[in-house]
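Just below is one structure, and these are the notes that go with it.
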Amino acid sequence: MAKEPVRVLVTGAAGQIGYALVPMIARGIMLGADQPVILHMLDIPPAAEALNGVKMELVDAAFPLLKGVVATTDVVEACTGVNVAVMVGGFPRKEGMERKDVMSKNVSIYKSQASALEQHAAPNCKVLVVANPANTNALILKEFAPSIPAKNITCLTRLDHNRALGQISERLNVQVSDVKNVIIWGNHSSTQYPDVNHATVGDKPVRELVKDDEWLNGEFITTVQQRGAAIIKARKLSSALSAASAACDHIRDWVLGTPEGTWVSMGVYSDGSYDAPAGVIYSFPVTCKNGEWTIVQGLAIDEFSRKKLELTGAELTEEKELAYSCLS
């Protein structure tokens, strides 16, 4: 018996990431090759024509799993009945803008979208925030959608996780699928901490195989932290393809589960695990089963790592205060 279609919202759908993401969803990369979907695409009125062009292309691609497309500039129509929401739309930082200006713009965007999801999304809707500052945008969304369970609101650090896997696979000249259990701690920003202390290739620790602590504690970390900027410099555009792919990975593992013995990184509402600040959206190692994520507990944290976790936690606390000051 065929499955009922899942309604998936993509905001900012006419933008670069949206354009890369919607065909992946329609092809079954996000929710599985047997899961029909109805795509809800939202963008701002100036992008309405481009959004309609994306809809035309989706029709032209004749995806067997795609059972309908809603392309709209109306936030209520976009949010109605959705089971999964991928929040790609946001206000990007422009030259000469202060952090508070960017935060203020995003607070107002996420406040209105949160209200629409709160009132019109399907019960138990899962939300993934991609637009930066992703952790704090997700926190604002949580504040203004109180009936959506906190555990259903997450932000994307899977892109950083995948970047870390890619760096290790290149360094060791192994398949990326053989590298397991890197961790991204904290904020999706340049303070994030890519941690390989528990990562393995096969049954061997990555640290043992790399045999270069100076690289692992230095260049590896900064490469992952600053990869987005490096791609902008090379492409003259931000990383759209890899962000869209990571969003699919994040939702797929959340909905369908992580493989046994493997964890992934997700920005989730912090309960204070590993002494991270509680009450912010913080990236932890998680496993997923039956549509629920669980923070991996009991991992040893050395002194070098502890300082990194504290630094990124402090930035998230500061961002939270900045965002809340924009609400008053």
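The values are calculated or read from the model by the stated rules, or taken from the named source; none is laboratory data. Values in this document were obtained by computation on a predicted structure and should not be read as measured data. Cβ placement follows ideal geometry from the backbone for every residue including glycine, while neighbour counts extend to all protein chains displayed. Accessible surface areas use protein heavy atoms only, side chains included; no ligands, DNA or RNA. Shrake-Rupley method; radii C 1.70, N 1.55, O 1.52, S 1.80 Å.
Scanning the range 145-191 for residues that are touching a Phe, Trp or Tyr at 6+ places or on another chain (Cβ under 9 Å) and on the phi > 0 side of the Ramachandran plot, which turns out most open to solvent (accessible area, probe 1.4 Å)?
Asn181
Within the bounds of the range 261-277, is there any residue that is under 30 Å from Asp203 (Cα atoms), outside any loop (DSSP other than H, G, I, E, B), within 16 Å of the chain's Cα centre (by Cα) and of a type in the set (Phe, Trp, Tyr)?
No, because not a single residue in the range 261-277 is under 30 Å from Asp203 (Cα atoms), outside any loop (DSSP other than H, G, I, E, B), within 16 Å of the chain's Cα centre (by Cα) and of a type in the set (Phe, Trp, Tyr).
Going by the conditions given, is Thr258 more than 21 Å from Ala131 (Cα to Cα), in a strand (DSSP E or B), in contact with a strand residue (DSSP E or B) (Cβ under 7 Å, 6 or more places away or on another chain) and open to solvent by 10 Å² or more (accessible area, probe 1.4 Å)?
So Thr258 fails the test.
Which of the residues spanning the range 231-255 are among the aliphatic types (A, V, I, L, M) and either closer than 22 Å to Ile183 by Cβ or in a helix (DSSP H, G or I) (or both)?
Our first condition is that a residue be among the aliphatic types (A, V, I, L, M); within the range 231-255, this holds for 231-232, 234, 237, 240-241, 243-244, 246-247, 251, 255.
Scanning the range 231-255 gives Ile231, Ile232, Ala234, Leu241, Ala243, Ala244, Ala246, Ala247, Ile251, Val255.
Can you tell me which residue in the range 261-277 is nearest to Val196 (Cα to Cα), limited to those that are in contact with a strand residue (DSSP E or B) (Cβ under 9 Å, 6 or more places away or on another chain) and surrounded by fewer than 18 Cβ atoms within 10 Å (Cβ to Cβ)?
The residue in question is Thr262.
So, Phe220, is that one more than 21 Å from Met87 (Cα to Cα) and hydrophobic (A, V, I, L, M, F, W, C) or not?
yes
Can you say whether Ala71 is touching a residue at least 40 places away in the same chain (Cβ under 8 Å), outside any strand (DSSP E or B) and either among the aromatic types (Phe, Trp, Tyr) or under 24 Å from Ala138 (Cα atoms) (or both), as far as the supplied structure shows?
no
For every residue, the table says whether it meets (1) over 23 Å from Ala145 (Cα atoms); (2) modelled with pLDDT of 95 or more; (3) open to solvent by less than 40 Å² (accessible area, probe 1.4 Å); (4) over 24 Å from the mean Cα position of the chain (by Cα).
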position: Gln35; (1), (2), (3), (4): yes, yes, yes, no
position: Asp43; (1), (2), (3), (4): no, yes, yes, no
position: Ala47; (1), (2), (3), (4): yes, yes, yes, no
position: Leu51; (1), (2), (3), (4): yes, yes, yes, no
position: Val59; (1), (2), (3), (4): yes, yes, no, yes
position: Leu65; (1), (2), (3), (4): yes, yes, yes, no
position: Val70; (1), (2), (3), (4): no, yes, yes, no
position: Thr73; (1), (2), (3), (4): no, yes, no, no
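Which is under 25 Å from Ser239 (Cα atoms) and under 21 Å from the mean Cα position of the chain (by Cα), of Leu139, Leu117? Working first, answer last.
Working: Leu117 fails: under 25 Å from Ser239 (Cα atoms).
Testing whether each residue is under 25 Å from Ser239 (Cα atoms) and under 21 Å from the mean Cα position of the chain (by Cα) leaves just Leu139.
Please pick out the residue among Val10, Val86, Val59, Val54 that is touching a residue at least 40 places away in the same chain (Cβ under 8 Å), over 22 Å from Ile232 (Cα atoms) and part of a helix (DSSP H, G or I).
Val54
Is there a residue being farther than 27 Å from Leu311 by Cβ, of a type outside the set (D, E, K, R) and free of Cβ contacts under 8 Å to residues at least 40 places away in the same chain anywhere in the range 186-198?
No, the conditions are met nowhere in the range 186-198.
Would you check if Lys142 is in contact (Cβ under 8 Å) with a residue 40 or more places away in the chain and out of contact with any Ser or Thr (no Cβ under 7 Å at 6 or more places or on another chain)?
yes
Quick check on Gly81: is it touching a strand residue (DSSP E or B) at 6+ places or on another chain (Cβ under 6 Å) and either in a loop (DSSP other than H, G, I, E, B) or modelled with pLDDT under 95 (or both)?
Values: touching a strand residue (DSSP E or B) at 6+ places or on another chain (Cβ under 6 Å): yes; either in a loop (DSSP other than H, G, I, E, B) or modelled with pLDDT under 95 (or both): yes.
Taking the combined requirement at face value, the residue satisfies it.
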